[in-house]
Amino acid sequence: MGLFNKLMSKIFGHAAPATTASASQAATAAPAAGGTPQTPAAAGSSAPALAAAPAAPVVDVAAVLNDLAKKNPEKLDWRKSIVDLMKLVGMDSSLTARKQLATELHFTGDMNDSASMNVWLHKQVLIKLAENGGKVPPELLS
């Protein structure tokens, strides 16, 4: 498992069940054209396989991380710091670990310029979380 996948699973694993279940419940409860909910069995064999798959859960990343920050004795600013974000979820935030994460996410800059790498990493991690079902505040993605 790569570092990003590990980070994502730590965040998504802390999500409240109601936060992740609502999207998939809404997808299966939607009525068909006849007014009754369709299940994979009711859809028939001609329906595409993707139609039967539940929607991916949506995880409120900010809510999860804010909750973790409230419970953490350190004052960690996950909104601005990749080091703090990694610490908050219990990951190694050393320069070596961040360089490994940067390599995994295809950083093309100078890894010896840790300040620039950290800014890039923070933004990329939030973008990747959003691409994988995370609800991330828009101001953190721009």
Output ordering of 59-68, 130-139 (per-residue mean of other Cβ within 10 Å, highest first) is 59-68, 130-139
Once the in-chain neighbours fewer than 8 apart are removed, the aspartates and glutamates whose Cα is under 18 Å from residue 70 read 60, 84
A chain fully extended from residue 111 to residue 79 at 0.36 nm per residue, minus the present Cα-Cα distance, gains in nm 9.4 nm
Measure of exposure for residue 116: accessible area at 1.4 Å probe, Å² rounded to 10, is 60 Å²
Measuring from its Cα centre, region 53-142 shows a charge dipole (+1 at each Lys and Arg Cβ, -1 at each Asp and Glu Cβ) which, in debye to the nearest 20, is 160 debye
Once Lys and Arg are counted +1 and Asp and Glu -1 for all other residues with Cβ under 14 Å from that of residue 124, the total becomes +2
In region 67-142, taking the dipole from +1 charges on Lys and Arg beta carbons and -1 charges on Asp and Glu beta carbons about the Cα centre, the listed residue (116, 100, 129) farthest towards the positive end is 129
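The values are calculated or read from the model by the stated rules, or taken from the named source; none is laboratory data. For clarity, every value in this text was computed on a predicted model and none was experimentally measured. When we count neighbours, we look across all protein chains shown, and the Cβ atoms used for this are built from the backbone with ideal geometry, even at glycine. Surface areas here come from the heavy atoms of the whole protein model, side chains and all, with no ligands, DNA or RNA. Shrake-Rupley method; radii C 1.70, N 1.55, O 1.52, S 1.80 Å.
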